[in-house]
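The values are calculated or read from the model by the stated rules, or taken from the named source; none is laboratory data. Nothing here was measured: the structure is a model prediction, and the numbers come from that model. A quick note on method: Cβ atoms are made from the backbone with ideal geometry, for glycine too, and the neighbour counts reach across all protein chains shown. Note: accessible area is taken over every heavy atom of the protein model, side chains too, but ligands, DNA and RNA are not part of it. Shrake-Rupley method; radii C 1.70, N 1.55, O 1.52, S 1.80 Å.
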Amino acid sequence: MAQVEATTERVVAADAEAVFDALADYSGTRAKVLPEQFSEYEVREGGDGEGTLVHWKLQVTSKRVRDCLLEVSEPTDGELVEKDRNSTMVTTWRVTPAGEGKSRVVVTSTWNGATGIGGFFERTFAPKGLGRIYDLVLDRLAAEVEK
């Protein structure tokens, strides 16, 4: 199995601490910034960063829905890691300062892809599709923290 990776980034006009706090707020802000591709959102444990367990369904394509149960950790400052208990997917959010009053948000998802022709199409198209979804999340996050 080949590893598949999708990365999206954005500079947000808010300081890194405020942006990170918004991303780590699974009980409030995170639910507000998720686009329609996310459904059945539910915080099952915690709700603020490290130790959170959150569930959602992600409509990746018209035919593909991922049922995600994510354990959240904070291995380093400015970093949230969401490990899916239902698959090999790991999503890492990194928030770093990007000048005065600005921050850079980079979101990277990796997972073990399929083999054969299905794997070829997954490696070719899945990163672009997931990138579009995370662009929407970052748009909404920016709108929320730049108020």
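Assorted remarks:
- Scan of the range 25-60 for residues that are closer than 19 Å to Gly131 by Cα and hydrophobic (A, V, I, L, M, F, W, C), ordered by number: Ala31, Val33, Leu34, Phe38, Trp56, Leu58, Val60
- Residue match in the range 86-95 (condition: in contact with a strand residue (DSSP E or B) (Cβ under 9 Å, 6 or more places away or on another chain), at pLDDT below 80 and assigned to a loop (DSSP other than H, G, I, E, B)): no
- If you filter the range 37-49 down to residues that are in contact with a helix residue (DSSP H, G or I) (Cβ under 8 Å, 6 or more places away or on another chain) and in a loop (DSSP other than H, G, I, E, B), you find that the one that is most open to solvent (accessible area, probe 1.4 Å) is Gln37.
- All conditions in (1) open to solvent by 20 Å² or more (accessible area, probe 1.4 Å); (2) modelled with pLDDT of 90 or more; (3) under 19 Å from Gln37 (Cβ atoms) hold for Ala126, with the sole exception of (2).
Quick grid of which residues meet (1) in contact (Cβ under 8 Å) with a residue 60 or more places away in the chain; (2) open to solvent by less than 70 Å² (accessible area, probe 1.4 Å); (3) closer than 18 Å to Leu34 by Cβ; (4) of a type in the set (Val, Ile, Thr):
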{"residue": "Leu53", "(1), (2), (3), (4)": "no, yes, yes, no"}
{"residue": "Leu58", "(1), (2), (3), (4)": "yes, yes, yes, no"}
{"residue": "Leu69", "(1), (2), (3), (4)": "no, yes, yes, no"}
{"residue": "Thr76", "(1), (2), (3), (4)": "no, no, no, yes"}
{"residue": "Leu80", "(1), (2), (3), (4)": "yes, yes, yes, no"}
{"residue": "Asp84", "(1), (2), (3), (4)": "no, yes, yes, no"}
{"residue": "Ser87", "(1), (2), (3), (4)": "no, yes, no, no"}
{"residue": "Lys102", "(1), (2), (3), (4)": "yes, no, no, no"}
{"residue": "Thr108", "(1), (2), (3), (4)": "yes, yes, yes, yes"}
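- Every listed requirement among (1) open to solvent by 40 Å² or more (accessible area, probe 1.4 Å); (2) at pLDDT 95 or above is met by Leu141 save one, (1).
- Among residues of the range 55-83, those that are in a strand (DSSP E or B) and either of a type in the set (D, E, K, R) or under 12 Å from the mean Cα position of the chain (by Cα) (or both), counted: 14
- The condition (being touching a residue at least 24 places away in the same chain (Cβ under 8 Å), open to solvent by 50 Å² or more (accessible area, probe 1.4 Å), hydrophobic (A, V, I, L, M, F, W, C) and more than 20 Å from Arg132 (Cα to Cα)) is satisfied by just one residue among Ala2, Ala22, Ala13: Ala13.
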